[in-house]
Amino acid sequence: MVKVTDGSRTERRKDDHIRINLDQRVQFPHLTTGLEYYRFMHQAVPELNFEEVDTHTVFLGKHLNSPLLISSMTGGTEHAEAINRTLAEAAQETGIAMGLGSQRAALENPALADTYNVRPVAPDILLFANLGAVQLNYGYGIDECRRAVDMIEADALILHFNALQEAVQPEGDGNFSGLLQRVEAVCAALDVPVIAKEVGWGFSPQAARQLADAGVSSIDVAGSGGTSWSEVEYYRAPTAQHANVTRCFADWGIPTADSIRYVREAVPDIAIIASGGLRNGLDVAKCIALGAELGGLAGPFLKAADQSLEAVRQLIWELSTQIRITMFASGAADIAALKQTPLLRVGP
């Protein structure tokens with residue numbers, strides 16, 4: 001049976017997460033993405049026409065104008081509905097990919113499904129559904145995964161892994177035992193690819209191999225250095241004791257750059273999405289040179305969407321232009337060439 005939960009409690013938690021991410025400083029206090037330790041070799045004679053530098057790419061069979069992903073963030077509340085519609089409309093206009101936040105709230109309360117329904121404004125985008133992997137140990141199964149995909153006409157399903165977040169939440173679901181066999185069953189049964197996604201602490205080589213063996217098509221490393229969800233939960237802590245426990249893990253995790261390298265070395269053929277602390281197009285380009293296919297951002301898009309559609313358009317333009325300039329100045333004519341561009345290691 002599916003674990004019975006209070007749908008309104010889930011909705012309140014979603015609103016809490018939006019508010020805290022917008023109002024509080026929830027970055028890792030000291031741990032960084034590690035991307036600052038990498039540099040491109042500047043090419044003073046790139047032998048390229050800047051106007052012809054091509055950022056187009058293909059991911060899971062869909063063409064994208066730029067290797068950008070609006071990372072999974074939210075859903076299940078009125079505020080989230082407005083944010084998702086704004087982000088999706090901008091993604092449709094600019095030809096980039098988008099993931100939605102966990103759809104558990106809508107499975108618990110179907111009245112909330114419209115807060116995730118972005119296909120009316122984004123019929124063509126590469127769109128990812130999303131559920132917490134741990135829910136497969138609390139009664140969710142193939143049927144719920146299919147419902148999440150069908151709910152939004154998704155091109156793929158994200159199963160997100162958030163063990164530390166569940167551990168520090170007083171209401172968290174902490175049974176991750178035997179989860180891989182359930183993930184394997186979902187991968188085998190669904191008609192769309194399954195993406196394994198961390199939420200900000202990265203994947204180790206062992207985890208990458210386990211997930212690849214289970215049948216996932218892609219891994220979103222979502223490493224440390226951006227939003228720390230233990231810090232988000234710190235601001236939700238019901239008591240000082242809970243807050244003290246949560247704050248202890250503010251700098252836990254695998255930096256994004258390291259997690260990309262670990263996953264690429266552990267499972268060379270799997271498609272990697274890089275997220276976790278990316279803040280500009282140069283970061284995205286570094287991730288692609290390290291082995292990723294796409295670069296995902298969440299926090300910057302959340303803040304832009306909370307302002308206006310125009311703010312999201314401007315952010316996408318800035319990111320795409322920064323990627324093109326990076327490619328031009330490093331001598332990469334297209335994304336295939338960028339993937340082969342060596343990076344200089346300039347730090348520890």
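Step by step: first the residues of region 249-269, then only those that are surrounded by fewer than 19 Cβ atoms within 10 Å (Cβ to Cβ) and touching a residue at least 60 places away in the same chain (Cβ under 8 Å), then the one that is farthest from Leu164 (Cα to Cα). Which residue is that?
In the first step, residues of region 249-269 are kept if they are surrounded by fewer than 19 Cβ atoms within 10 Å (Cβ to Cβ); the result is 250-252, 261, 265, 268-269.
Right, trim to touching a residue at least 60 places away in the same chain (Cβ under 8 Å) and you get 250-252, 265.
Values: Ala250: 11, Asp251: 12, Trp252: 9, Glu265: 24 Å.
Step by step, filter region 249-269, then rank; the result is Glu265.
Out of curiosity, is Ala336 more than 19 Å from Gly200 (Cβ to Cβ) and modelled with pLDDT of 95 or more?
Numbers: more than 19 Å from Gly200 (Cβ to Cβ): yes; modelled with pLDDT of 95 or more: yes.
Criteria met by Ala336.
Just for region 106-143: of the residues that are of a type in the set (Gly, Ala, Ser) and surrounded by 16 or more Cβ atoms within 10 Å (Cβ to Cβ), which one is farthest from Glu184 (Cα to Cα)? Can you show your working first?
Within region 106-143, the subset of a type in the set (Gly, Ala, Ser) is 106, 111, 113, 122, 129, 132-133, 139, 141.
Then drop every residue that is not surrounded by 16 or more Cβ atoms within 10 Å (Cβ to Cβ), which leaves 106, 113, 122, 129, 132-133.
Details: Ala106: 24, Ala113: 26, Ala122: 30, Ala129: 17, Gly132: 15, Ala133: 11 Å.
Top of the filtered list is Ala122.
Could you check region 197-248 for helices (runs of 4 or more DSSP H) lying wholly inside it with 2 or more residues that are surrounded by fewer than 16 Cβ atoms within 10 Å (Cβ to Cβ)? Please lay out each step first, then the result.
Working: elements: 205-214, 229-234, 240-247.
Filter on region 197-248 gives 205-214, 240-247.
Give region 81-96 a look and list any residue that's buried (at least 24 other Cβ atoms within 10 Å of the Cβ) and either in contact with a Gly (Cβ under 7 Å, 6 or more places away or on another chain) or among the charged types (D, E, K, R) (or both), or say none.
Listed by number, the list holds a single entry, Asn84.
Pairs only if they're at least six apart or on different chains, beta carbon under 7 angstrom, first in region 308-327 and at positive phi and surrounded by 19 or more Cβ atoms within 10 Å (Cβ to Cβ), second basic (Lys, Arg) and assigned to a helix (DSSP H, G or I); list them, first residue then second.
No pair meets every condition.
Which of the residues spanning region 55-79 are more than 30 Å from Asn109 (Cβ to Cβ) and not in a strand (DSSP E or B)? Let's see the steps before the verdict.
Within region 55-79, the first condition is being more than 30 Å from Asn109 (Cβ to Cβ), and the residues that meet it are 55-59, 61-68.
Result: Thr55, His56, Gly61, Asn65, Ser66, Pro67.
Looking at region 40-53, is at least one residue assigned to a loop (DSSP other than H, G, I, E, B), touching a strand residue (DSSP E or B) at 6+ places or on another chain (Cβ under 7 Å), modelled with pLDDT of 95 or more and buried (at least 16 other Cβ atoms within 10 Å of the Cβ)? It would help to see each step written out before you state the result.
First pass over region 40-53, keeping only residues assigned to a loop (DSSP other than H, G, I, E, B): 41-49, 53.
Retained after the next criterion (residues that are touching a strand residue (DSSP E or B) at 6+ places or on another chain (Cβ under 7 Å)): 41.
Subsequent filtering for residues that are modelled with pLDDT of 95 or more retains 41.
Right, trim to buried (at least 16 other Cβ atoms within 10 Å of the Cβ) and you get none.
No, the conditions are met nowhere in region 40-53.
Take region 276-299 and flag every residue that is surrounded by fewer than 19 Cβ atoms within 10 Å (Cβ to Cβ) and either farther than 25 Å from Met41 by Cβ or modelled with pLDDT under 95 (or both).
Gly299
The values are calculated or read from the model by the stated rules, or taken from the named source; none is laboratory data. If you're wondering where the values come from, they're calculated on a predicted model, not measured in any experiment. Cβ coordinates were reconstructed from backbone atoms using ideal geometry, including for glycine residues, and neighbour counts include every protein chain displayed.
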